[in-house]
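**Student:** Submitted below is the structure of interest, expressed as structure tokens.
The values are calculated or read from the model by the stated rules, or taken from the named source; none is laboratory data. All figures in this text were calculated on a predicted structure; none of them were measured in a lab. A quick note on method: Cβ atoms are made from the backbone with ideal geometry, for glycine too, and the neighbour counts reach across all protein chains shown. In case anyone asks, the SASA skips ligands and DNA or RNA and just uses the protein heavy atoms, side chains included. Shrake-Rupley method; radii C 1.70, N 1.55, O 1.52, S 1.80 Å.
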Amino acid sequence: MFHDLGLSQSTIQKKEINHNQVNSFFWINSGIGAGLAVALIILSPVVGWFYKDERAAVLTAAMSLLIFVSSLGNQHGAIMQRKMEFRAQSTINIISAIGTVVVSISFALVFRSYWALYAGMATGTLIGAAGVWTVVKWRPSSPSLVPETGAMLRHGLGFATGNFIGFLSGNLSGVVMGKAFGDHLLGIYDRSARLLNAPLQQLIWPISGVVVPILYRLHSDADRYKLTFLRTISSITFAVMPGVVWVVVASERFVTTFLGAKWSETVPVFAALSFSTIPILINSSAGWLLTTQGRSKDYARWSLFSASASIASLIIGLYYGILGVAISGVICQIIITPLYWLFACRSGPVQFIDVTRCLFPHITSALLSSFLLHLFNNYMSESENIWVIGSGIFLSYSISLGLLLVFNDTRRMVLTNIEFFKYILSSRVKK
């Protein structure tokens with residue numbers, strides 16, 4: 001979280017940037033990455049002491065080296081985003097992901113060790129760093145600092161602090177529940193959360209990598225900025241929300257199909273956590289406003305408030321067990337969602353009423369379709385899970401599409417996206 005210090009955002013955001021500025025950011029990133037790696041190696045025995053397992057200490061020390069490796073590619077990755085080289089970036093990410101999986105599985109089959117996970121992670125990190133250095137021809141020169149380095153560091157530190165606070169609050173529940181309930185109940189909670197969050201993150205992160213540089217470029221054109229932002233969140237919400245609604249309705253089918261019957265204990269937790277994915281999805285785009293408008297202090301302030309609310313909900317939920325933690329977290333997300341948007345929209349071209357009008361059709365569609373999907377799920381109670389899951393996904397998106405076509409704004413969004421995909425397909429056919 002800290003080896004970047006938000007300097008990548010500075011590289012993407014600045015209208016004009018030169019070699020000396022990027023070079024300065026590169027050496028700061030690399031120095032901080034090296035310092036953090038050394039610090040974590042020194043602190044790794046504390047991790048072993050906390051978990052009463054020396055293996056955790058050794059693994060932490062090994063993982064710390066990857067922080068330094070990844071810091072070497074930060075500025076190259078930022079240059080790629082600034083130039084909007086999304087195809088090359090996607091290729092690197094795909095190769096990195098494939099390398100991670102292949103090495104992890106191969107290592108596990110040969111050595112039968114948990115180090116297989118580290119081997120895969122190390123492979124992915126190395127491929128990512130080597131990939132951006134191969135694509136981006138910029139190379140650092142001797143270490144130096146430019147006069148505006150201090151101002152850019154202060155600007156970036158707000159985003160880095162906000163990310164770190166969010167990281168701590170997001171992972172604190174796992175640490176606390178592990179100590180409070182033991183590894184078995186923690187495993188139940190963790191599997192439920194990962195089954196939901198992993199696909200959502202894999203969708204949000206790439207989209208964010210594309211949208212944020214575009215919004216940076218449009219910052220001086222208020223009308224285009226606003227239109228692009230609202231169309232993007234409307235399209236993303238339509239792409240994800242019908243699937244989330246079906247997951248909520250058919251949570252038991254998803255758990256038994258993708259985790260197995262032995263994980264049936266996770267169903268109540270999974271069902272509860274499923275509700276949190278909708279506000280998480282909606283809130284992920286609110287951060288784009290703070291980021292692309294350079295509001296680093298607001299970003300850090302909101303992260304602190306959100307983390308405080310999450311910790312409070314965790315403390316309350318612990319009294320009622322892991323299900324209580326899940327339900328308390330969902331309630332917290334629902335409460336803070338409108339507050340987040342009010343805060344994010346208090347300045348800039350996008351107003352709270354604009355977001356409300358944009359999301360209202362999707363929320364209405366989700367509520368109506370959930371009722372129909374519940375009837376479908378009960379009717380198909382004796383059918384094969386995998387077939388029902390596939391049919392339910394198709395039905396969910398069909399119902400949502402039909403309902404969204406009733407509203408003028410979302411109907412225009414749907415028609416615009418159809419025309420866009422037609423253009424992409426026709427372009428590929430011509431090639």
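**Student:** Rank these by accessible area, largest first, 1.4 Å probe: 84, 241.
**Tutor:** 84, 241
**Student:** Does the range 276-385 come out rounded, prolate or oblate, given a ≥ b ≥ c as the square roots of the eigenvalues of its C-alpha gyration tensor, rounded meaning a/c under 1.5 and, failing that, prolate meaning a/b above b/c? Spell out each step's value before the answer.
**Tutor:** Details: a/c = 3.11, a/b = 1.39, b/c = 2.23.
The shape class here is oblate.
**Student:** Sort 82, 346, 154 from largest to smallest accessible area, using a 1.4 Å probe on the heavy atoms of the protein chains.
**Tutor:** Working: 82 40, 346 145, 154 170 Å².
Of 82, 346, 154, the descending order of accessible area is 154, 346, 82.
**Student:** Net charge within 10 Å of residue 358 by Cβ-Cβ distance, Lys/Arg positive one each and Asp/Glu negative one each, not counting residue 358 itself?
**Tutor:** Numbers: positive: 231, 357; negative: 354, 409.
Around residue 358, the charge tally is 0.
**Student:** Need one number for the range 113-259: average projected area of the convex hull over its C-alpha atoms, nm².
**Tutor:** Directional mean of the projected Cα hull area for the range 113-259 stands at 14.4 nm².
**Student:** Pick from 108, 309, 129: which is most flexible by mean-square fluctuation in a GNM of the chain where alpha carbon atoms under 10 Å apart are linked?
**Tutor:** Highest fluctuation of the listed residues: 108.
**Student:** Still on this structure, please answer the following. May I have the count of lysine pairs in the chain with C-alpha atoms under 13 Å apart, counting pairs 8 or more residues apart or located on different chains?
**Tutor:** Going through the chain pair by pair, I get 5.
**Student:** Can you classify the range 270-326 as rounded, prolate or oblate using the Cα gyration tensor, where a ≥ b ≥ c are the square roots of its eigenvalues, rounded means a/c under 1.5, and otherwise it's prolate if a/b beats b/c and oblate if not?
**Tutor:** Oblate.
**Student:** With a probe of 1.4 Å, find how much accessible area the range 1-83 has per residue, and write the answer as a whole number in Å².
**Tutor:** 47
**Student:** Still on this model: Rounded to two decimals, what is the ratio between the C-alpha radius of gyration of the chain and 2.2 N^0.38 Å?
**Tutor:** 1.03
**Student:** Can you pull out the chymotrypsin sites (Phe, Trp or Tyr not before Pro) in the range 294-338 that DSSP calls coil and that have at most 16 other Cβ atoms within 10 Å?
**Tutor:** Answer in residue order: 319, 320.
**Student:** How long are the three semi-axes of the equivalent ellipsoid of the range 82-131, in whole Å, if each is the root of 5 times an eigenvalue of the C-alpha gyration tensor, listed from largest down? Could the numbers behind the result be given before it?
**Tutor:** On the way: eigenvalues 139, 15, 6 Å².
Listed largest to smallest, the semi-axes of the range 82-131 are 26, 9, 6 Å.
**Student:** Please give the calculated 222 nm ellipticity per residue for the chain, where each DSSP H segment of at least 4 residues contributes -39500 (n - 2.57) and the sum is spread over every residue; nearest 500 deg cm²/dmol? Numbers along the way, then the final one.
**Tutor:** Numbers: 18 runs with 359 residues, N = 431.
Dividing the helical sum by the residues of the chain leaves -28500 deg cm²/dmol.
**Student:** I've got another one for you. Roughly speaking, what % of Cα-Cα pairs in the range 42-190 are separated by over 24 Å, rounded to a whole number? All intermediate terms of the calculation are to be shown ahead of the outcome.
**Tutor:** Numbers: 5756 of 11026 pairs.
Percent of Cα pairs beyond 24 Å in the range 42-190: 52.
**Student:** Rounded, prolate or oblate: which fits the range 1-119 when a ≥ b ≥ c are the square roots of the eigenvalues of the alpha-carbon gyration tensor, with rounded for a/c under 1.5 and prolate only if a/b beats b/c? Don't jump to the answer; show the numbers that get you there.
**Tutor:** Numbers: a/c = 3.68, a/b = 1.49, b/c = 2.47.
Since a/c reaches 1.5 but b/c is at least a/b, the shape of the range 1-119 is classed as oblate.
**Student:** Turning to a different aspect of this structure: Going through the range 253-300, which trypsin sites (Lys or Arg not before Pro) have at most 14 other Cβ atoms within 10 Å and a DSSP loop state?
**Tutor:** Values: sites: 253, 262, 295, 297; in loops: 295.
Loop-located and lightly packed - none at all.
**Student:** Comparing 232, 416, 266, which has the greatest mean-square fluctuation in the GNM of the chain with Cα pairs linked when under 10 Å apart?
**Tutor:** Answer for the Gaussian network model of the chain: 416.
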